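First up is the structure itself, then whatever we jot down about it.
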Amino acid sequence: MDFQLTKEQQALKEEFEDFFREEMKNAPPEYGHGGLEGVYATEEGFRFHKYMAKKLGEKGWLSRPWPKEYGGVEAPLMEQLIFNEVAAYHRAPGVDPFGIGMFAPTLLVGANEEQKKRLLPPLAKGETFYCQGWSEPDAGSDLASLTTTAVKDGDHYVINGQKTWTSGAHRADHMFLLARTDPDSTRSRGLSMFNLRMDYPGIEVSPILYMDNKHLYNDVFFNNVRIPEYDRIGAENDGWNLTRATMNFERSGAGVFAAAKTTLQEIIDYVKTTKRDGKFLSENPIVRQKIAKLFIDTEVGQALAYRITWLQQQGGLIFAASAASESKVFGTELSQRMANYATEIMGLYGQLEESQWAPMEGTMATLYQFCTGMNIWAGSNEIQRNLIAWVGLNLPRFK
């Protein structure tokens, strides 16, 4: 695989760079350092997210690889990877991680023509925002054991149950929902996927607050919520196959590694300008080794992301699940190593958040507390390693 960008790709990357460099000057203080907290925790952060989505939609950058009839320009997937890298490097919002990142590719793979023409253009224009209706109190990483039901009633389905840890449900206007349409089924059989409007009667969103009162996650309760049959995506009881494809889209992005490079550069700037015992931290051999290890890991991660894009270009949007699992495991554990190394380098100052003495404005203390959860979301890393063994290495499955 050739990692060198063509002249056209390099020019496109520079166009992306110029746009985000200028637009990120408009970010409000409440947006902070971005991420899901920057987007969902405050009204100002989400308002900036919507502003950026509209800008990106006007440029057609949210949907470049899509077919033209749904709002795309049929651009090569490599150009989308370049866009994702640049946006993540600048910690820019505007790309709905659930609607654009997960549900739209799933629609392209599994929706009928009417659904594609109805649901994809508003996403391409940055007009609709989604949340993910998957996890339940007793069905997180073991998603196949979910119990939320969707019972057919004429030309509607009636939804009852609960979803939890639903990021951004208090901001989203839609949800892509996985529910059990066959009450007699077990595990992955009998599940279906739905497009759900969050303003339907019977939906209650209850916040799950952080210890510092930040609001990112939610419980979502369904009490006889009626969804039209035309909003079932794919065949009835075939939702698990679509869900597996969606999981792969969620785990295949290059943004994690581009964002890691931004954070790493900030750590490098810190050690170059901070002295301890009369010497810059950058002169300490242990510090240098830790940073060198992080640099190598970000390069490895980028190679993984490029490989996944190459696989997508070879075989379409559905590709080997093990490749996406590899990227998910490596990316989330890289974030954990970065937070650990940085706080070790900073010493006791690394524990400070809202203080004039907090290095890097306290971002590493925040990441240190947050990054362990990354190993769990989108399917725990233990389960990802099982998928790598079963699918990637063709090892026997557990009985």
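The values are calculated or read from the model by the stated rules, or taken from the named source; none is laboratory data. In this text the structure is predicted, and so the values were computed from the model without any measurement. Backbone-built Cβ (ideal geometry, glycine too); neighbour counts: all protein chains shown.
Check whether at least one residue in the stretch 22-29 is modelled with pLDDT under 95 and closer than 21 Å to Gly168 by Cβ, and report yes or no. Yes; the residues of the stretch 22-29 include at least one that is modelled with pLDDT under 95 and closer than 21 Å to Gly168 by Cβ. Selection over the stretch 219-242 of residues that are closer than 17 Å to Gly168 by Cα, within 20 Å of the chain's Cα centre (by Cα) and in contact (Cβ under 8 Å) with a residue 60 or more places away in the chain gives a count of 1. Applying the criterion of being of a type in the set (Gly, Ala, Ser) and not in a loop (DSSP other than H, G, I, E, B) to the residues of the stretch 340-399, the residue that is nearest to Leu216 (Cα to Cα) is Gly373. Here the helices (runs of 4 or more DSSP H) wholly within the stretch 49-164 that include at least 1 residues being touching a strand residue (DSSP E or B) at 6+ places or on another chain (Cβ under 9 Å), more than 22 Å from Arg21 (Cβ to Cβ) and among the polar types (S, T, N, Q) are 104-110, 113-124. Would you confirm whether any residue within the stretch 112-128 is under 19 Å from Pro67 (Cα atoms), among the charged types (D, E, K, R) and without any contact (Cβ under 8 Å) to a residue 12 or more places away in the chain? There is at least one residue in the stretch 112-128 that is under 19 Å from Pro67 (Cα atoms), among the charged types (D, E, K, R) and without any contact (Cβ under 8 Å) to a residue 12 or more places away in the chain. In the stretch 151-170, of all residues being in contact with a helix residue (DSSP H, G or I) (Cβ under 8 Å, 6 or more places away or on another chain) and crowded, with 23+ Cβ neighbours inside 10 Å, the one that is farthest from Asp231 (Cα to Cα) corresponds to Gly168. For the stretch 82-122, a tally of residues being among the aliphatic types (A, V, I, L, M) and under 20 Å from Gly35 (Cβ atoms) returns 7. Would you confirm whether any residue within the stretch 363-383 is in contact with a Phe, Trp or Tyr (Cβ under 7 Å, 6 or more places away or on another chain), touching a residue at least 24 places away in the same chain (Cβ under 8 Å) and not assigned by TED's automatic domain parsing to the domain that holds His33? No; the residues of the stretch 363-383 include none that is in contact with a Phe, Trp or Tyr (Cβ under 7 Å, 6 or more places away or on another chain), touching a residue at least 24 places away in the same chain (Cβ under 8 Å) and not assigned by TED's automatic domain parsing to the domain that holds His33.
What residue, of Lys13, Lys54, is among the basic types (Lys, Arg) and more than 22 Å from Gln132 (Cα to Cα)?
Values: Lys54 fails: more than 22 Å from Gln132 (Cα to Cα).
Unique residue meeting the criteria: Lys13.
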